[in-house]
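Structure, as structure tokens:
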Amino acid sequence: MTAFAPSLRKLAVAATALLAAATAPSPAQAATEPQAPKGFVALSDVDPTIIQEMRYLTPHNFVGDPIDGYRKPMCILTEPAAKALRKAQRVLLREGYSLKVYDCYRPQRAVDQFVRWGEDLSDERMKAEFYPRVAKSRLFEDGYIAKKSGHSRGSTVDLTIVRLPAKPTRPYIPGEPLKPCYAPRSERFPDNSVDMGTGYDCMDTLSHTDDPRVTAKQRANRDRLRGALAKRGFVNLPEEWWHFTYKPEPFPDTYFDFPVSRRALPVAHF
């Protein structure tokens, strides 16, 4: 038996190589995958200090599944938007805070998945956390789901502020009991973000940036985030305290569909 071991090992290695070759995408397939044009960058190449918690790569989102097009846990943005975030981050670091991004560039295929999910009224797995006070049948009418998203143009980002030193956020466990996103911070899903009054992606009017029902501390936190970004060219979406778009957008009329991956980006020059 010992004498045959080297030969068996060689056969196993060869079989593994053949399997990998059979399952790997062909050069033709790779060539057909959409690529980002010049002007898109990985945020970590511009500012590695900004915390990234890319929610749509995980099942902890309003759909309950990882979202189409998210291949790697990375934030991709247009270069001007990424550089503007770096400027805001420098100010916040001096104040003892850091930015944390939840979502950046979003492929059109991800938006298409949101639309399919929104049309399936039978799938309410994540309702108890993300839209507990809104009927799923109203998500399109109320503006929570749309067939196009500014995120797909590359200059829109969902983000928050974290007090330093940053405490780790525990991972979501699929199937765990869900708590309303508008609940007090101590009751909703844990997040190392400062208290913004709701969790991220909370489909509720309490998420409106200037909603008068939030506490003074929550208001101050929202104002800190908005103020730091507004000075760097970002415009807030009034219905979502976390949603900001850099102006002027380099691609104001183009909705991209390249995947969120390092391979889809042009060569970095930082």
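Nothing in this text is a laboratory measurement; each read-out follows from the coordinates by a stated rule. From a predicted model like this one, the values you see are computed outputs, not experimental measurements. Counting neighbours? That spans all protein chains shown, and the Cβs are built from the backbone with ideal geometry, glycine included.
Observations on the structure shown:
- So E79, is it among the acidic types (D, E), under 22 Å from D204 (Cα atoms) and either surrounded by fewer than 19 Cβ atoms within 10 Å (Cβ to Cβ) or touching a residue at least 40 places away in the same chain (Cβ under 8 Å) (or both): no
- Selection within the range 143-154 - exposed (fewer than 14 other Cβ atoms within 10 Å of the Cβ) and either under 13 Å from R109 (Cα atoms) or of a type in the set (D, E, K, R) (or both): A146, K147, K148
- Residue identified as surrounded by 15 or more Cβ atoms within 10 Å (Cβ to Cβ) and basic (K, R) among R116, R86, R138, R94: R86
- Of all residues in the range 176-187, at least one satisfies being within 21 Å of Q52 (Cα to Cα) and either crowded, with 20+ Cβ neighbours inside 10 Å or without any contact (Cβ under 8 Å) to a residue 60 or more places away in the chain (or both).
- Some residue of the range 212-222 being touching a residue at least 24 places away in the same chain (Cβ under 8 Å) and either under 28 Å from A110 (Cα atoms) or loosely packed, with under 14 Cβ neighbours inside 10 Å (or both): yes
- Residue within the range 250-266 that is under 22 Å from K100 (Cβ atoms), in contact with a helix residue (DSSP H, G or I) (Cβ under 7 Å, 6 or more places away or on another chain) and surrounded by 14 or more Cβ atoms within 10 Å (Cβ to Cβ) present: no
- For beta carbons closer than 8 Å, sequence separation of 6+ or different chains, a first residue in the range 140-169 that is at positive phi and in contact (Cβ under 8 Å) with a residue 24 or more places away in the chain and a second that is in a strand (DSSP E or B) and surrounded by 21 or more Cβ atoms within 10 Å (Cβ to Cβ), the qualifying pairs are G154/F40; G154/I76; G154/L77; G154/T78.
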